[in-house]
Each structure stands twice: as structure tokens, then as C-alpha cells.
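Reading through the C-alpha cells given below for one structure.
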Amino acid sequence: MTQHADTLRYRLARPEDHEAIARLDGSFTTDHVYEVTAAEDGFTIRPVPVDPPLLKVFPEDDDEDEEEDGEPGPRRTVVAVDGDTVAGFVTFSFERWNARLTLRDIEVAPAWRGRGVGRALMEHAVGFGRECGAGHAWLEVSNVNAPAVRAYLRWGFAFCGLDTSLYDGTESAGEQALFMARRLG
């Protein structure tokens, strides 16, 4: 069956979408990762090849319903659907204290990748951020998720920080968290 991006509809997720969202295959394979190197005066981040290619399957996420300060901010999930099939989703929230749109998760089913679905989902999130008065959008991505990093760079995001220990004690130990931001003004 051939899927066409023009058959997709974008809408707020409904309770009946939860199971399909949870089942969506967010894994990826990459032949490059982003290497983080610490120097005396900072860090460098550069793409390096990996052989054999790396297959990454993400562990189950814990659902976070509150901001760090305990005050719930507006949170949304938008789905891309083709009939009854969820082709992708994005979950995002607005944090009032710093007027920031936080991208919590974005995934596109393998059959729909490379067709503009991720970009359209991101623009739905960015539109929500602008409606809330966000000055910028922010996200965290693993250094091994080179396909996502390349997409975020194409969509106007830039590196703004990193955490070399965020994933310690998890199934992703050894990876580094890259933080990226995009101005919305």
C-alpha cells in the first residue's frame, strides 16, 4: 500500500489515539552519530560515521504531566492520521515561567518518513507556541539520533547546550543529551 502525504489530516490527539501512539515505531537506523568532545574551553559536536550502522530502539517513556516547578502548563499532542492510521505525532507544552515551547516527543512511522510529516507536525507545535506567546522552542535529543538532529537543523534549530550524564543509569547510558532551540519571534 502506498501512502501519500496529501491524504493525511492533522488534529489534536483523542483518547482513542493513545494506544496507536504508544505502538508507533520510533526506532531508527543511522550510519552517523554526533560525537561530543570536551575541551578546556568548551565542547565540540561533530558528525562521525559508525560501522556497522546503529539501530536505536527507544525504551518506554514515563509520562510527565507537570512542569518541573509543579505548575501544569498547557500541553498538547497533535497526530497525523491517514484514515484510522496514526502516521506520526508530536507532544509539546508551553512553560509560562520562561515563555518556552518544549517539544517533548515527535515520532513519524517508518512508512511516512521523508514525506514532510515531521515538518508539518513541528509547525503545528510551533504555531501553538506562538499562540501562547513563546519566544523560542526547545528540545532534547540524543547524540546518536543523527536523523533527528539533521531534521532539527533543517527546521531552524541550533545547538544551545548539552548534558553528558542525563542518560546515566538508563538503557541509553553512554549517550549524551543535546539541547537545541529555535527562536519563534
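Return the residue satisfying two criteria in turn: it lies in the range 121-130 and is farther than 28 Å from residue 53 by Cα and either out of contact with any Leu (no Cβ under 7 Å at 6 or more places or on another chain) or hydrophobic (A, V, I, L, M, F, W, C) (or both), and of such residues it is surrounded by the fewest Cβ atoms within 10 Å (Cβ to Cβ).
In this case the residue turns out to be 127.
If I go through the range 1-30 residue by residue, how many of them are surrounded by fewer than 14 Cβ atoms within 10 Å (Cβ to Cβ) and of a type outside the set (Lys, Arg)? Outline the logic, then answer.
Taking the range 1-30 and keeping what is surrounded by fewer than 14 Cβ atoms within 10 Å (Cβ to Cβ), we get 1-2, 4, 6-7, 9, 11-12, 14-16, 18-19, 22-23, 25, 27, 29.
Of the ones still in play, those that are also of a type outside the set (Lys, Arg) are 1-2, 4, 6-7, 12, 15-16, 18-19, 22, 25, 27, 29.
Adding up the residues that qualify gives 14.
Would you confirm whether any residue within the range 33-48 is within 16 Å of residue 149 (Cβ to Cβ), open to solvent by less than 100 Å² (accessible area, probe 1.4 Å), touching a His at 6+ places or on another chain (Cβ under 9 Å) and not in a loop (DSSP other than H, G, I, E, B)?
Looking through the range 33-48, at least one residue is within 16 Å of residue 149 (Cβ to Cβ), open to solvent by less than 100 Å² (accessible area, probe 1.4 Å), touching a His at 6+ places or on another chain (Cβ under 9 Å) and not in a loop (DSSP other than H, G, I, E, B).
Checking the conditions here, which among 90, 81 is modelled with pLDDT of 95 or more and touching a helix residue (DSSP H, G or I) at 6+ places or on another chain (Cβ under 7 Å)?
Answer to the check: 90.
Give the residue that is least open to solvent (accessible area, probe 1.4 Å), with candidates limited to residues of the range 131-185 that are in contact with a helix residue (DSSP H, G or I) (Cβ under 6 Å, 6 or more places away or on another chain) and part of a loop (DSSP other than H, G, I, E, B).
Among those that are in contact with a helix residue (DSSP H, G or I) (Cβ under 6 Å, 6 or more places away or on another chain) and part of a loop (DSSP other than H, G, I, E, B), it is 184.
Give the range 96-110 a look and list any residue that's surrounded by 15 or more Cβ atoms within 10 Å (Cβ to Cβ) and more than 16 Å from the chain's Cα centre (by Cα), or say none.
Across the range 96-110, the qualifying residue is only 96.
Yes/no matrix, rows are residues, columns are (1) modelled with pLDDT of 90 or more; (2) not in a strand (DSSP E or B):
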residue: 2; (1), (2): no, yes
residue: 11; (1), (2): yes, no
residue: 18; (1), (2): yes, yes
residue: 25; (1), (2): yes, yes
residue: 51; (1), (2): yes, no
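The values are calculated or read from the model by the stated rules, or taken from the named source; none is laboratory data. This structure is a prediction, so every number in the text was calculated from the model and none was measured. A quick note on method: Cβ atoms are made from the backbone with ideal geometry, for glycine too, and the neighbour counts reach across all protein chains shown. Ligands, DNA and RNA are excluded from the accessible area calculation, which covers all protein heavy atoms including side chains. Shrake-Rupley method; radii C 1.70, N 1.55, O 1.52, S 1.80 Å.
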